[in-house]
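The values are calculated or read from the model by the stated rules, or taken from the named source; none is laboratory data. Keep in mind the model is a prediction, meaning the values are calculated, not measured. Because the Cβ atoms are built from the backbone with ideal geometry, glycine has one as well, and the counts that use them run over all protein chains shown. Keep in mind that these areas ignore ligands, DNA and RNA; they rest on the heavy atoms of the full protein, side chains included. Shrake-Rupley method; radii C 1.70, N 1.55, O 1.52, S 1.80 Å.
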Amino acid sequence: MAEVKKYEEPRIGVFVCHCGTNIAGSINIKAVQEYAKTLPNVIIADDYQYMCSTPGQNKIAEAIKEQKLTGIVVAACSPRLHEPTFRNATKEGGLNPFRFEMANIREQNSWVHMHQPEEATAKAKDAVRIAVAKASLLEDLIPKSVPVEKTAMVVGAGVGGMQAALDLASAGIKTYLVEKEPTIGGKMSQLDKTFPTLDCSQCILTPKMVDVYRHEGIELLTYTEVEAVEGYIGNFDVTLRKKARGVLTPDEATARGIIGGGCTGCGDCTDVCPVIKPNPFELGMAPRKAIYIYHPQVSPLIYTVDFDACVKCGLCVEACGEERKAIDLDAKDELMNVKVGTVVLALGYDIFPIEKKFEWGYKHYDNVITSLEFERLICASGPTGGHLIRPSDGETPKRIAFVLCAGSRDNTGVGKPYCSRFCCMYSLKHAHQIIEKIPGAIPYIFYMDIRSFGKMYEEFYYRIQDEGAKFIRGRVANILEDPVTKNLHVNAEDTLLGRPIDMEVDLVVLAAAVQPSADTEKTRRLFGVSCSQDGWLLEAHPKLNPCGTTTAGVYLAGVCQGPKDIPDTVAQAEGAASAASIPIHRGEVELEPYFAVCMEDKCAGCGLCVNLCPYQALSLIEKDGRTVMHVTEAKCKGCGTCGGFCPGGAIWMQHFATPQIVAQIDAFLLGGEQ
Amino acid sequence: MADENWKPKIIAIICNWCSYAGADLAGGARIQYPPDIRAVRVMCTGRVDPLFILKAFQDGADGVLVSGCHFGDCHYLEGNYKAAKRMFLLKSVLKNIGLDDKRLRMTFVSASEGAKWGHVMEDVVRTITELGPSPLKELAR
């Protein structure tokens, strides 16, 4: 590999795809095909309706055999869509799959120049010429197989992450489930009921939490964050930060020689703790101590010390006693390393800070609350024991306004442009709950459109209508408070009646938009996953690969990929777990062989490339009395940063080698119809 | 001044993970833009050897666009930073040989920014059209 490559006489086959009318609608296929025949090295140029179909692929394989082709060019869609397809067809014909090059004449041509057929055809000819130039210089490459670590990691232990971890572990894969909070359960554990079945959220979630905790294939790491990630599919090396919890689990206690010790979850410590803080699980509507659990059903049932609040008085240590000795107020964060083959990200969501929509007065008026606060107030295990009250005076509200699309579908620049997808349905559920719980109460639902898209959702919508909820189609312009009664005046336009409304209500519930959770940005960067403009993690393909990412071996589950309700989250989690288990069960993965290769006769051993490599894949070695660069293939990811800077041109980037790229540049600018 | 029918020849070297995906997304969304740019795909803008760009200008390119991921979003951690540094260097080289450095452009378009790709295409074509044919065109013949 070290010397300059030698090529046999290239024999190239060009295949132009119509893609129905997607390409043929604006590009003259015959003209491109005839033009391709005039290009150097081109032996055969053909066309077909759908090159990606079986007959289309067969054309490629047959042409390779009949014409003894050495390179294939398909002018069709994006290589990001069908490069693997045509590589397989090339392989089918008996040629090395890397002797294939694609000319993108759909996404970057026919679709973006729909009304300029002449220019589009000329651009397609150029694209074919550029691709033929590269195909003439392509070489055989062998993908490298690497073994896959037989373990997986799931980041985030909401309902999606728990499901993914359960599936992976049940498939026989040891799974690390990492959760930044002290307990698993996520947002779903804060909900009261779930739509449209009205199942109690806790009743269906807590058994799952217990399953996760007890599953021998799952190593549960709560109060832990991802600190650093190295490696690639099959061999991720993840550094985790176990935040100082201040309380030992029974296992940890045993490891320290305190036999029979550790936290039993009795709560003696929290009874004596003198520090009172708002409980974030109850959204600040209930207190917790500096040593706390979020709620009685937490899993694992281990207390946690909030070291930001703790005054280290030691009362809890005393209460815990000498036998259990579970509390260690000098605990420090610990770092741990785990090696995993694949990763599922289930990072969840946060509620959009709806106070930014100041016209609705959240945080300014006592009786304007968010839907999640409503969930806690209506929940039997919530701070009011399930009695919905007005925060201003503790009275039971009778007239309750629900404001939908609060911050969603908002193009003012303050809110979010997207639909948060589950607010319509939970607001319908809320309406049902108050009709059921408060005699004479009337819910008023201010909506733009009711999106009841799922199975039995539309039926649920009709049911709530029949139960007496009032629906007013119109976006709420503003909300004003009566300073004496603390009642609220909701001003909106009823767009069905075409008249303005000023409605006095006792309580307003804002169905606030959702946004990516606070840690999403940091975590996605650690794993090299892209995000959309709104910050949601980007799937590899919106339709054909909704669980995968562009980083091989990293998969997505749940709302972190985009707003979705519980059934969709669980379904995607199962999909992600299945996808993540495939490389592990196969035992090895093939890496694209785009490695750097040192052409040792040209290498001067200057070492500039060694510092440029972000993966420490390059080093200098002594060989035959000279210093030359050496590539560790397992570490090289093929970015080509070294090859872009080598002063001597001594680095051969496989599949993107300098002669190949220069040939493309020359073919465009010097070849063709000048 | 160039004749009215003159169209610029512009080459875009774009990274597989962000800008190429963004350009594909523009296609999916049927965003229409001027058809004067031809793309060469590389895995990362870090791969872009300054010599590729000089070769393109030597061959008579009227403009060169290099487009990669946003800073901090590089699929290979930091290739786009290194590419950006090289572009600054190259711009001063271009000025020294008498080429307007606006003929070389680096942009950052993510995989979700189809609309932005359309804007970039329009803007690059407009800029290069205003500058007219490259004075190095004769050299290429």
Where A:Ala152 falls short, out of the listed (1) open to solvent by less than 40 Å² (accessible area, probe 1.4 Å); (2) not in a strand (DSSP E or B): (2)
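Which one of A:Ile445, A:Ile472, A:Ile438, A:Ile464 is open to solvent by less than 30 Å² (accessible area, probe 1.4 Å) and in contact with a His (Cβ under 8 Å, 6 or more places away or on another chain)? Let's see the steps before the verdict.
Details: A:Ile445 fails: in contact with a His (Cβ under 8 Å, 6 or more places away or on another chain); A:Ile472 fails: in contact with a His (Cβ under 8 Å, 6 or more places away or on another chain); A:Ile438 fails: in contact with a His (Cβ under 8 Å, 6 or more places away or on another chain).
Only one candidate qualifies: A:Ile464.
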Evaluate the following for B:Gln32: is it open to solvent by 10 Å² or more (accessible area, probe 1.4 Å), more than 8 Å from every other protein chain (Cβ to nearest Cβ) and farther than 15 Å from B:Ala84 by Cβ? no
What pairs come up if the first residue lies in the range A:533-557 and is within 11 Å of chain B (Cβ to nearest Cβ), the second is open to solvent by 60 Å² or more (accessible area, probe 1.4 Å) and not in a loop (DSSP other than H, G, I, E, B), and their beta carbons are under 7 Å apart, counting only those six or more places apart or on different chains? A:Gly535/A:Glu521; A:Glu539/A:Asn545
Between a residue in the range B:21-32 that is part of a helix (DSSP H, G or I) and any residue that is of a type in the set (Phe, Trp, Tyr), which pairs come within a Cβ distance under 7 Å, given they are 6 or more apart or on different chains? B:Gly22/B:Trp117; B:Ala23/B:Trp117; B:Ala26/B:Trp117; B:Gly27/A:Trp111
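Which of the residues belonging to the range A:386-405 are among the basic types (Lys, Arg), open to solvent by 40 Å² or more (accessible area, probe 1.4 Å) and assigned to a loop (DSSP other than H, G, I, E, B)? Let's see the steps before the verdict.
Initially, the range A:386-405 is screened for residues among the basic types (Lys, Arg), giving A:390, A:398-399.
Now drop any that are not open to solvent by 40 Å² or more (accessible area, probe 1.4 Å), which leaves A:398-399.
Matches in the range A:386-405: A:Lys398 only.
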Residues that are surrounded by 14 or more Cβ atoms within 10 Å (Cβ to Cβ) and among the hydrophobic types (A, V, I, L, M, F, W, C): list the strands (runs of 3 or more DSSP E) wholly contained in the range A:585-637 that include at least 3 such residues. A:596-598, A:626-631
Criterion violated by A:Arg80 - all others in (1) within 14 Å of chain B (Cβ to nearest Cβ); (2) part of a strand (DSSP E or B) satisfied: (2)
Residue check, A:Met102 under 31 Å from the mean Cα position of the chain (by Cα), within 13 Å of chain B (Cβ to nearest Cβ) and hydrophobic (A, V, I, L, M, F, W, C): yes
Considering the range A:32-54 alone, what residues qualify as being of a type in the set (A, V, I, L, M, F, W, C) and either open to solvent by less than 30 Å² (accessible area, probe 1.4 Å) or closer than 21 Å to A:Lys68 by Cα (or both)? A:Val32, A:Ala36, A:Leu39, A:Val42, A:Ile43, A:Ile44, A:Ala45, A:Met51
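Quick check on this structure: which one of A:Ala657, A:Ala667 is open to solvent by less than 60 Å² (accessible area, probe 1.4 Å), in contact (Cβ under 8 Å) with a residue 60 or more places away in the chain and over 30 Å from B:Pro133 (Cβ atoms)? Step through it out loud before you land on a result.
On the way: A:Ala667 fails: over 30 Å from B:Pro133 (Cβ atoms).
Going through A:Ala657, A:Ala667 in turn, the sole match is A:Ala657.
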Keeping to the range A:475-532, report how many residues are within 14 Å of another protein chain (Cβ to nearest Cβ), without any contact (Cβ under 8 Å) to a residue 60 or more places away in the chain and among the charged types (D, E, K, R). 3
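Would you point out the residue of the range A:255-286, among those that are part of a helix (DSSP H, G or I) and open to solvent by 70 Å² or more (accessible area, probe 1.4 Å), that is nearest to A:Pro383 (Cα to Cα)? Talk me through it step by step, then tell me what you get.
Of the residues in the range A:255-286, the ones part of a helix (DSSP H, G or I) are A:255, A:268-272, A:280-282.
After this cut, where a residue has to be open to solvent by 70 Å² or more (accessible area, probe 1.4 Å) as well, the list is A:255, A:271.
Details: A:Ala255: 37, A:Asp271: 18 Å.
Only one residue fits best here, namely A:Asp271.
Do you know which of the residues in the range A:507-529 that are assigned to a loop (DSSP other than H, G, I, E, B) and open to solvent by 20 Å² or more (accessible area, probe 1.4 Å) is nearest to A:Val368 (Cα to Cα)?
The extreme case among them is A:Ala518.
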Any residue in the range B:116-132 that is within 30 Å of A:Leu537 (Cβ to Cβ), open to solvent by 20 Å² or more (accessible area, probe 1.4 Å) and among the aliphatic types (A, V, I, L, M)? no
Taking the range A:63-76 as the region of interest, how many residues are open to solvent by 10 Å² or more (accessible area, probe 1.4 Å), outside any helix (DSSP H, G or I) and more than 12 Å from A:Ala135 (Cβ to Cβ)? 1
Could you tell me whether the range B:60-70 includes any residue that is touching a residue at least 60 places away in the same chain (Cβ under 8 Å), surrounded by 21 or more Cβ atoms within 10 Å (Cβ to Cβ), within 10 Å of another protein chain (Cβ to nearest Cβ) and part of a loop (DSSP other than H, G, I, E, B)? yes
